[in-house]
1. Inside the range A:5-45, can you point out the residues that are surrounded by 15 or more Cβ atoms within 10 Å (Cβ to Cβ), within 16 Å of the ligand (Cβ to nearest atom) and either small (G, A, S) or over 30 Å from B:K259 (Cα atoms) (or both)?
2. For the subset of the range B:819-839 comprising residues that are among the charged types (D, E, K, R) and exposed (fewer than 14 other Cβ atoms within 10 Å of the Cβ), which member is farthest from the other protein chains (Cβ to nearest Cβ)?
3. Among A:S58, A:S48, which is the only one that is away from the ligand (no atom under 16 Å from the Cβ) and either surrounded by 15 or more Cβ atoms within 10 Å (Cβ to Cβ) or in contact (Cβ under 8 Å) with a residue 24 or more places away in the chain (or both)?
4. Failed condition for A:A88, given (1) modelled with pLDDT of 95 or more; (2) within 16 Å of the ligand (Cβ to nearest atom), with all others met?
5. Can you tell me which residue among B:E196, B:E227, B:E209 is surrounded by fewer than 17 Cβ atoms within 10 Å (Cβ to Cβ), away from every other protein chain (no Cβ under 14 Å) and over 17 Å from B:S417 (Cβ atoms)?
6. Pairs only if they're at least six apart or on different chains, beta carbon under 7 angstrom, first in the range A:1-26 and touching a residue at least 60 places away in the same chain (Cβ under 8 Å) and at the interface with another protein chain (Cβ under 8 Å from one of its Cβ atoms), second in a loop (DSSP other than H, G, I, E, B) and within 13 Å of the ligand (Cβ to nearest atom); list them, first residue then second.
7. Which of the numbered conditions does B:D596 fail, given that it passes all the others? Conditions: (1) under 30 Å from B:D505 (Cα atoms); (2) buried (at least 16 other Cβ atoms within 10 Å of the Cβ).
8. Would you confirm whether any residue within the range B:850-871 is in contact with a helix residue (DSSP H, G or I) (Cβ under 6 Å, 6 or more places away or on another chain) and within 14 Å of chain A (Cβ to nearest Cβ)?
Amino acid sequence: MLLVPCPNCGPRNAADLSYNGESRPRPDPQTCSPEEWRTYLYLRDNPSGWLVESWYCSSGCRKHFTIERHTLTGELRTPILPGSKPGATKGSTK
Amino acid sequence: MNHRLPPADGEVLDRTKALTFTWNGKKLEGFEGDTITSALMANGHHIIGRSMKYHRPRGVLTADFWDPNTTVQVGDEPNVRASHRKLEAGMQVVAQNVWPSLSFDIKAANGLVGRFLTAGFYYKTFMKPAALWPRYEHVLAKFAPGGEVDLDTPHGRYDKRFAHPDVVVAGGGPAGLSAAIAAAEAGSSVMLVEHEHHVGGHLLWGTEEDRARVADLTAAALAAGVEILTNSTVTGRYEDNWIAILQRNHPGVVERLIKARAKTLVVAAGTIERPYVFEGNDLPGVMTSGAVRRLITMYGVKPGKQAVVFSANESGEAAIDDLRRAGVSIARVVDALTGERIVSTKGSKKRVKEVLLEDGAKIKCDLVVTAVGWTTPTSLLNMAGDRPVYDADAARFFPSGAPDNVLATGGMVGDGSLDDLIEHGRVTGELAAGRAAVVRHRLQVATARAETVDEAEPGYLADERTPLDRWPHPELFRASTHGIVDYSEDVSSKDLYSAAAEGFDSVELIKRFTTATMGPSQGKLETVNTVAVLAQARGDSIGDVGTTVWRPPYAPISLGALAGRINEPTRLSVIQPWHEANGATPILAGQWVRPDHYGDPLSEVRNTRENVGIIDVTPLGKLDLQGPDVANLLSLLYTNKWMQLPIGSVRYGIMCAEDGVVLDDGVTARLDEEHYLMTTTSSGAARIWSWIEMWLQTERPEWQVHVTPVTTGLTSINIAGPKSRALLGRLTDIDLDNEAFPYMRVRQGLIAGIEQCIAWRIGFTGELSYEIHVPSGHGLAVWERLLAEGADLGVKPFGLEAQRIMRLEKGHFIVGQDTDGLSKAPVTGLDPLLKFDKDDWAGLPEVRWSLESGDHPVIVACQPDDRSIVPEEAAQILRSGTTEIVGRITSSRMSPTLERSICLAQVSKEFADAGTSLEVLLVDGRRITATVIEHHAHFDPEGERLRG
Ligand SMILES: [Zn+2]
């Protein structure tokens, strides 16, 4: 099981968190086409490589945060709280 | 027949403790320390089971955990590994997979008449015709291997443990022990896991000096604080060194699953001796050299009288010495290193009798011992990403490289003297501890507040270990004849040849087609021989064929161990003890234990409609929302308008997910300028809290809203019925006059002497009703006061069932019951609540498109024309006279108020108009008709009662 570095709680078992995955920007609900909206809802790049993905610390501090993870190796880069800059929080455990 | 040797150094038996057990009903004796098979063999029983497909007699092959054909039934426990399980007094051991008896098995005839169970048999024979499947199943069931499950067996207790060791060492041989000691002495917390009953690995059946080394190593390990787990298996390695360990000998439980987060994993799994493939290699009496060495030295069992030993290595040489010491005469040593080869064996139905050699010699014997080389059990390394590489000179696979936090040592990575292995283990242990220290430091930094971790990160250790040698070994896999490759699955080398000829010539394909390596030993004995035979069949090298991917588990895990204890917490309202004491029938609703009813839900409905009833609705999700942007938040999450909700008012809303599907509904009250109380469905409480956090944190981080879940902080009671005003009026200072406190308003005040209570008027039951929320410490007291003060008004408690009936009479839908995961907001029929003149709300575009297309089902209320029939919930609604499904009943009850059956249904739009006749298919096949009514409400559609 992955060890996911919550910026508040520290590294936690992935089962302690909820995976929200790759996030897409939300289109303008007034002007978007069905294609745009459904791309936001359903389509993901699912890369084999580096991915910025979001997690929710659902059994801990309830923070939403993103991490950059290599989907093939599981390697992590610095976690980023939404709104904060990369590198503003503490390091990963690899 | 006594095959027990005199007591000798090295045996693990306690001969002062004789244990009586039965074998197929016959009383036998063994000693404490025996395995089931060693006790059986000591008593002269060498056929332990029958093979799976051909029902050939099988005996001991390896005499350890991986022994493929020694699974037995012990009492009510099937599939016990008899060569691993320790004997216990009173065990009733029965052979599996035999009929009518072990020595005469009728199904064995199939093996003699013809090999109709060829490779791919299951695929080919039972594909067609489909109509015959039931008959096939009937025939196959008789041949099914395995023991008998007793459905009355009491549930065993299983457990789980979470562990956070610095280093886990898988394998308790000399290298593993040495690694564990070195890691522990370097400051790591270490868990050493050995899947046999004793640590020591191959030293256990070695010399006296070997065992002295084991004693020293064990003492050193314990002194260094290593936690030693025997009869436990590391079954899997997952991301970030999440290690699954199955512990089979923890007191008080059948098995325990340890979930360990190791900072470094050391794999020291040793090697497994390979069987040799030749005609008759599965006859009882054909064994590996390790098997006879274990039987003689550890268990004091004489494995035969006259042996032929086919030896290519030091293990064969040592077996010869052991056999001589045990008084077994050596009929012939077939020296593989000088080019001598076994061709085939002949035997009776019960045992090997003769060996044919390549030079033409025929030698009488009752024991054939093979020492033809080693398999590296690289599973755990493979799970970490290692891909083993074949070394033809050493005739075995070696690991090629795993992540930095997984290290291999011992026989898996090379050969050497005992000192070499111990030294390699020691250096590996130090490396493991050094790397673990780095991870530990990083974890501390990431977890703790910055000021508490001040030391610098330890330096990262590079792997500078001197590799072990690789000793040359002849490639010995198959003789000139065909024999069994997979003993547990009865797959022969001939089967593999024909499968390859049919085109299943990749190792992954042939595995699935023939089921080779897929039995209980999971390829530990079979994989390399399978690969080697396939390479021969293809005319290729073993390296080119490659090996299959090893996946978890390394050894079988029972479902009980995976499940662990039943550990599902339930939630209780503070009033629940009162409910139980007053005859409530409990029902589990989500996580909540609630009163379903107090004996008669129909009379609870009648009393509420006539007098007054109270229901404990504490499980209702409650979120306290405060801040300047609450109205914005509500406006974004609900489909309707919230910006102008006056203080003191309550409003109902529905929420959609971004795909437009109804997510939740409920009422929210504005208590003050920037203070609201939101209610959600009981099951949606946690989900909606997360939903709100998601919007506030990711999409609208600039909004200022503070969310506090108060579901259990407040006890909620709904007081419903025409006399509810009279009842509440006796307990509160809140002005309940209809003008002062009308429908859909909220008030705060004193209730039953408790300050800061909240009361609002809503109408889920359709009656005049007040829902009160009191601090939960006072919940029970308020409940009891209501009952006491209202006795003359006829107040009675009502349960969930009565509430469900009343809400159905009123036509209120329930999210998740009357809607499902495809029901977008327009399905509810609450179009006035969908406000498209708002800029944004969750799910807005999908709801708009759904409404525009008009192509969605709708919820309608309908009434069966036969008022006594209550259709089952989920009963299909069909286009009349056809099988076309046009809807379904979503809620259905007998209404005590209307004295008729009433329903909610989801139907295609063309069936939604009032007066439409619906054809409902009941579960028993009858079709009945029901008529759509004008409103959702079956009762009081104008809502006069609740506004009164
Ligand atoms: Zn957290």
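1. Of everything in the range A:5-45, those that are surrounded by 15 or more Cβ atoms within 10 Å (Cβ to Cβ), within 16 Å of the ligand (Cβ to nearest atom) and either small (G, A, S) or over 30 Å from B:K259 (Cα atoms) (or both) turn out to be A:G10, A:A14, A:S18.
2. Here the residue is B:D831.
3. A:S48
4. The number of the failed condition is (1).
5. B:E227
6. Here the result reads A:P5/A:P79, each pair linking the range A:1-26 to a residue that is in a loop (DSSP other than H, G, I, E, B) and within 13 Å of the ligand (Cβ to nearest atom).
7. (1)
8. yes
The values are calculated or read from the model by the stated rules, or taken from the named source; none is laboratory data. Remember, predicted model here, so these are calculated numbers, not experimental data. Note that we place each Cβ from the backbone using ideal geometry, even for glycine, and neighbour counts take in every protein chain shown.
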